[in-house]
Amino acid sequence: MDSILKVEGLSFKYSNSKEYAIRDISFEAKQGEILCVVGANGSGKSTICNALVGLIPHYIDGEREGTVKIFNENTAGLKMGELVTKIGLVFQNPFNQLSYTTSTVEQELAYGLGNIGVPRDEMVLRIQKIAKRMRIDKFLHKNPLELSGGQVQRVALGSSIVMDPDIIVLDECTSQLDPMGSEEIFDIIKDLNQDGKTIILVDHDMEKVARIADRVMVLHEGELAAIDTTKNIFGNLAMENYAIAVPDFTQIGLSLQDNHLYNGEPIMNEQEAIAAAKKVLYS
Amino acid sequence: MAKKSGTFYEPLDSPIERLDPITKFVAIFALGLSSVVFPSVFIGYVILLGLFFVAYKAKILKKFAKFIIGFAIPIMVMLFFIQGFYNPDNVTIIADLGFAQLGLEGILKMLNIVGSLLVFLGSFYITTKTTDTGRMVASFQRVGITGKAGYLILATLNVIPQMQKKVSVIQEAQNSRGLETSGSLKTRLKAIVPLIGPLIMGSLIDVQERGMTLEVRGFGMKGIKQTNFVQAEEAPVDKKIKRLFLIYFLLIIVASIIIRFNLI
Amino acid sequence: MKIEIKDLIHTYPTGDTALKGISTIIEGTEPVAIIGQNGSGKTTFVKHLNGILQPTGGDILINGESIKDKTTAQWSKQVGYVFQNPDDQLFLNTVKNELEFGPKRINMPAEEVDRNIAYAAELCKLQDSLEVHPFDLRQTEKKFCAIASIIAMDPDVIIFDEPTMGQDVEGSERLANIIDDLRNRGKLCITISHDMKFVVKEFSRIIVLCEGEILLDGDKYEVLSQPEILKKSFVTPPPVTRVSQQAGIQKPIFTVDALVHEIMKTRKKELSS
C-alpha cells in the first residue's frame, strides 16, 4: 500500500518546558490503514497528534523540528485552513469540540464547511451523508448541548469527517464516554476505515486496540519505541518495559502457550481467545 | 440526570422570534440610545413598559419580569445610596438624615441611569432569548460582521449558561471538602474564591481546547468568502421595522436638541 | 461505619425520577463498586451519601443519623467525595495548599493535618510535587491531587466517581493501591466505574443500577455469574470473564491465571474420566 503520511525526525518542545515532549519521531502511515498509537501518559501521544494536524506549530508555541508530509506534500507550507481538508482531529472532551455558535447539530456540522467556503447546496448533501454515517440523523435538529457525551462525540467526529479529510486522528476520543458510547464510536471508526479513510488512533484500551488496529506504534518517554503489525507488537514485545498492558485476550494465548496448550498465532480478539480455550477444553 | 438546555435561546415560535436578528439589534441600539440622550427620566420607563409588552408577545413575560426585577432592585438600591447622598450636583435636599442629605438631583440621576440600563439590558435579554444562534451568525455575516468579532459575541453569550452549570458542580465539589457556601454573609464571602477559582482555571483549559477545535474546523481561514448553512433573509416587515426605528431615533435626537438648547 | 439506604427516591425539579426506591445496607470496609449505564442513576445515588442531593423520598442513615440532619460541609468529616473532574475542585497555587484546604475547613488539629497530608501525598505519589501548581500537573496527576485532598481530610467513607478515566497502567495500579491501603486502614471506599477490569480486580461487592433501581447487589462472583440479568443494564463483563463464560466455564473468572488454571483442571478431569 502507498504511504499517505510520512513523518521524519519530528521533535517538539513546548515553550513553557525545558524538555522535548517528543524526540526524533519517524514513521509512515499507509493509505487505508488503522494505525494505533499507544504509550503511558506523558509519552508524547497527544503532542504527535497535534503536530500531525498542524496545531503544532500554528496554534501551540514551541520549538519544532522535522517534517510531516501528507501525499508527499510538506505540511509546513500549509495553513490550518488548508490542512483541515487533508487531516482531521477529534479529541477527548466532547463538549469542548462544539463551536458554541450554533443551535442545532445540523448547523454544527456545517460550521467548518462555512469557514472554508463550501457552497450551501453541497453542505446539505454532505451533512445528510455524514449524519447517517455518524448515526446522528435522528437528532440533526436538536441543540447539541442537550445531547449525551457519546452523542456529542459523534457530532464532533462528524464535524471532522464532513470536511472530507483523507486522514483522521483520534486522540483518546472515547476515554470520557461510557462503554456503549465508546462502542458506537469504534463501530463508526471501522465503517470510516472501510470507506477508505486512514485512521490514526490513540487509546488506552488495549483490547480495543488489538481488535481494531492494523499496526501499532509504541511511544516511550517521547521516543518511538516500536512500530509493527498488531500481532508482532502484542505477541512479542516486552510491553511491561513501556508501561503498557498486553490485551487480556493475548495474555490468555501466551499463558496457554507457556503451558504447552496453544501454539498458534498471537491472539488478538475475544473470538480467537474463546476458540483457543474451547479447543483445549473439548478436544 | 437533570437536563438543562444550556443555552439562552428557547424556540417558542413567536412573532418576535421570527424577526431578523439584525432588526432586533437595531432596536436595542435605537431604544437604548434614545433613553440615554432624551432629557427626561421617564422615557426609559415608558420604553421598559413597551418591552414588557414585547416580552409578552415573545411568550417570555415571566422570565423577563424576573430578570428585570432581579437586576433592577439591587442596582437601584446601590445607586440610590451613591447618587442620592453623594452626587455633587445635589442642591434640592428632600431628606436630612443628619450625617448625610438626600438630594433630588441625585435621585433623578439614579432613575435616569437605571432606566437606560434596563432598556439596554432588557432589550438585549429579549433578543438573546428569542434568537437562534445559527441565525444570528448568518445575519451577522450578511451585514459584514464576520469571523472573530461575531464569534466573540456569540461564544460569550453561549458560554454563560455553561458557566452557571459549572458553578453549581464546583459548589458541590467544594461543599464536599468542608466548605460552607450558604448561611451568613461572611460565610458566603469566604466561599467566593473557592468557587470562582476552579471556574477561572477550568475556563482557561476550556478556552485552550475550544481554540484548538476552532482551528481544526478552519476558523482561521483567510482569503476565502465564507458561506453559511442557515439562510438569514430579511423579510419586508424587517425592513419596515428597521426604518421605523431609524425615524424614531432621529426624531428623539431632534427633540432632545430642541429641548436641551431651548430652541423653542 | 454503616450506611443504611431506605427506599431512596429522587425526583429532579424537571420531573424526572432518577432513583425509584433504592434500599440496601453498606457496611464494614469491603470496597463497593457501583456500575450501570450512563443515566442509570449512579451519580444521583452517590450524591446522596454526603448530602449533596437530598432524598425526595425515603432516607439514608449514616451510623444511625439521617443524611438530612447536616449539610454536605458538615458530612465531609465522615464522608469524602472525589469528583469526576478535578478541575471542579482545584484552585489553589500549590498541591500542598490543596491538601490543606479540606482539613482546615473541618478544623482538624494542626499536627493531625500535617500527618494526614504526608500520608495522602505519599499514598497518591505526590510527595515530590507538593510545591507544584496544580494547573501545571497533567490531567491524570490532577486527579490524584483531588483524591489526596479528600484523603487528607481523613473521612471514614470515600466516594470516587470514575477514578480510572484516562489513566494508564501505572495510574490504574496506583489507584488500586490507594483503595487497598484505605481498606487496610479501616476506610470504606465506594466507587462508580465503567472500567470492569478495574472493578473485578479491586472490589468485592458490586451494586448494579439500571433505570434508577438496583438490578443486582452482592459479591462480585454472584453478580457476574448472572450474565443474562447483567445484559439488561448494558454492562459487559470484563474480557477474561467473557472468554471463560463463552468457553462454557460456569463460575465467573477474573484473571488470566485463574482462567488457565481452570482450563487445565477441567482438562485433567476430562482426560481422567
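The values are calculated or read from the model by the stated rules, or taken from the named source; none is laboratory data. Since this is a predicted model, take the numbers as computed values, not measurements. Glycine gets a Cβ as well: all are built from the backbone with ideal geometry, and neighbour counts include every protein chain shown. Ligands, DNA and RNA are stripped out before the accessible areas are found, and what is left, the full protein with its side chains, is counted by its heavy atoms. Shrake-Rupley method; radii C 1.70, N 1.55, O 1.52, S 1.80 Å.
Key figures for this structure:
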item: Selected residue (only one of B:Gln208, B:Gln164 is open to solvent by 70 Å² or more (accessible area, probe 1.4 Å), modelled with pLDDT under 85, in a helix (DSSP H, G or I) and more than 8 Å from chain C (Cβ to nearest Cβ)); result: B:Gln164
item: Hits in region A:92-125 - residues which are in a loop (DSSP other than H, G, I, E, B) and more than 7 Å from chain B (Cβ to nearest Cβ); result: A:Gln92, A:Leu98
item: Condition met for A:Leu5 (more than 23 Å from A:Met206 (Cα to Cα) and touching a residue at least 60 places away in the same chain (Cβ under 8 Å)); result: yes
item: Elements of type helices (runs of 4 or more DSSP H) contained in region A:218-283, each with 1 or more residues being within 30 Å of A:Ile22 (Cβ to Cβ), within 14 Å of another protein chain (Cβ to nearest Cβ) and open to solvent by less than 20 Å² (accessible area, probe 1.4 Å); result: A:230-236, A:248-258
item: Within region C:77-103, considering residues that are at pLDDT below 95 and touching a Phe, Trp or Tyr at 6+ places or on another chain (Cβ under 7 Å), the one surrounded by the most Cβ atoms within 10 Å (Cβ to Cβ); result: C:Gln89
item: Filtered residue count, region A:45-74, keeping only those that are open to solvent by 10 Å² or more (accessible area, probe 1.4 Å), in contact with a Lys or Arg (Cβ under 8 Å, 6 or more places away or on another chain) and not in a strand (DSSP E or B); result: 4
item: Selection from region B:62-77 of residues that are more than 16 Å from the chain's Cα centre (by Cα) and at pLDDT 85 or above; result: B:Lys62
item: Spans of helices (runs of 4 or more DSSP H) in region C:46-135 with at least 2 residues touching a residue at least 40 places away in the same chain (Cβ under 8 Å) and among the hydrophobic types (A, V, I, L, M, F, W, C); result: C:95-105
item: Some residue of region A:202-217 being among the basic types (Lys, Arg), away from chain B (no Cβ under 13 Å), in contact with a Cys (Cβ under 8 Å, 6 or more places away or on another chain) and open to solvent by 10 Å² or more (accessible area, probe 1.4 Å); result: yes
item: Residues (within 18 Å of the chain's Cα centre (by Cα) and either within 12 Å of chain B (Cβ to nearest Cβ) or open to solvent by 30 Å² or more (accessible area, probe 1.4 Å) (or both)) located in region C:54-76; result: C:Trp75, C:Ser76
item: Candidates C:Ile106, C:Ile34 - the one that is touching a Lys or Arg at 6+ places or on another chain (Cβ under 9 Å) and open to solvent by less than 10 Å² (accessible area, probe 1.4 Å); result: C:Ile34
item: Unmet requirement for C:Gly39, which otherwise passes all of (1) closer than 20 Å to C:Val79 by Cα; (2) crowded, with 16+ Cβ neighbours inside 10 Å; result: (1)
item: Matching residues, region C:184-197, being out of contact with any Pro (no Cβ under 8 Å at 6 or more places or on another chain), open to solvent by 10 Å² or more (accessible area, probe 1.4 Å) and within 19 Å of C:Ile150 (Cβ to Cβ); result: C:Asn184, C:Arg185, C:Gly186
item: Residue that is farthest from B:Gln231 (Cα to Cα) [pool: residues in region A:83-93 that are in contact with a Ser or Thr (Cβ under 9 Å, 6 or more places away or on another chain) and not small (Gly, Ala, Ser)]; result: A:Gln92
item: Residues that are in contact with a Lys or Arg (Cβ under 8 Å, 6 or more places away or on another chain) and assigned to a loop (DSSP other than H, G, I, E, B), drawn from region C:8-27; result: C:Thr14, C:Asp16
item: Residue check, C:Pro163 part of a loop (DSSP other than H, G, I, E, B), in contact (Cβ under 8 Å) with a residue 60 or more places away in the chain, over 11 Å from the mean Cα position of the chain (by Cα) and surrounded by 22 or more Cβ atoms within 10 Å (Cβ to Cβ); result: no
item: Options B:Gly202, B:Gly115: the member that is touching an Asp or Glu at 6+ places or on another chain (Cβ under 7 Å), small (Gly, Ala, Ser) and buried (at least 19 other Cβ atoms within 10 Å of the Cβ); result: B:Gly202
item: Of all residues making up region A:153-190, the number that are aliphatic (A, V, I, L, M), part of a loop (DSSP other than H, G, I, E, B) and away from chain C (no Cβ under 14 Å); result: 2
item: Residue in region B:215-231 that is within 24 Å of the chain's Cα centre (by Cα), of a type outside the set (Phe, Trp, Tyr) and open to solvent by less than 60 Å² (accessible area, probe 1.4 Å) present; result: no
item: Filter result for the condition that a residue is within 9 Å of another protein chain (Cβ to nearest Cβ) and at negative phi, over B:Thr127, B:Thr133, B:Thr187; result: B:Thr133
item: Filter result for B:Lys240 (surrounded by fewer than 19 Cβ atoms within 10 Å (Cβ to Cβ) and more than 10 Å from every other protein chain (Cβ to nearest Cβ)); result: yes
item: Within region B:43-58, considering residues that are touching a residue at least 60 places away in the same chain (Cβ under 8 Å) and of a type in the set (A, V, I, L, M, F, W, C), the one most open to solvent (accessible area, probe 1.4 Å); result: B:Val54
item: Selection status of C:Thr29, at the interface with chain B (Cβ under 9 Å from one of its Cβ atoms), among the β-branched types (Val, Ile, Thr) and open to solvent by 20 Å² or more (accessible area, probe 1.4 Å); result: no
item: Near pairs, Cβ below 9 angstrom, 6+ apart or cross-chain, from region B:63-80 (free of Cβ contacts under 8 Å to residues at least 24 places away in the same chain) to any residue that is surrounded by 11 or more Cβ atoms within 10 Å (Cβ to Cβ) and not in a helix (DSSP H, G or I); result: none
item: Residue check, C:Glu228 within 12 Å of chain A (Cβ to nearest Cβ), open to solvent by 10 Å² or more (accessible area, probe 1.4 Å) and either at pLDDT below 90 or out of contact with any Ser or Thr (no Cβ under 9 Å at 6 or more places or on another chain) (or both); result: no
item: Matching residues in region C:231-243 - criterion: being facing another protein chain (nearest Cβ under 7 Å) and either open to solvent by less than 20 Å² (accessible area, probe 1.4 Å) or free of Cβ contacts under 8 Å to residues at least 40 places away in the same chain (or both); result: C:Pro239, C:Val240, C:Arg242, C:Val243
item: Restricting region A:129-149 to residues that are away from chain B (no Cβ under 12 Å) and open to solvent by 10 Å² or more (accessible area, probe 1.4 Å), the residue that is farthest from B:Arg217 (Cα to Cα); result: A:Lys138
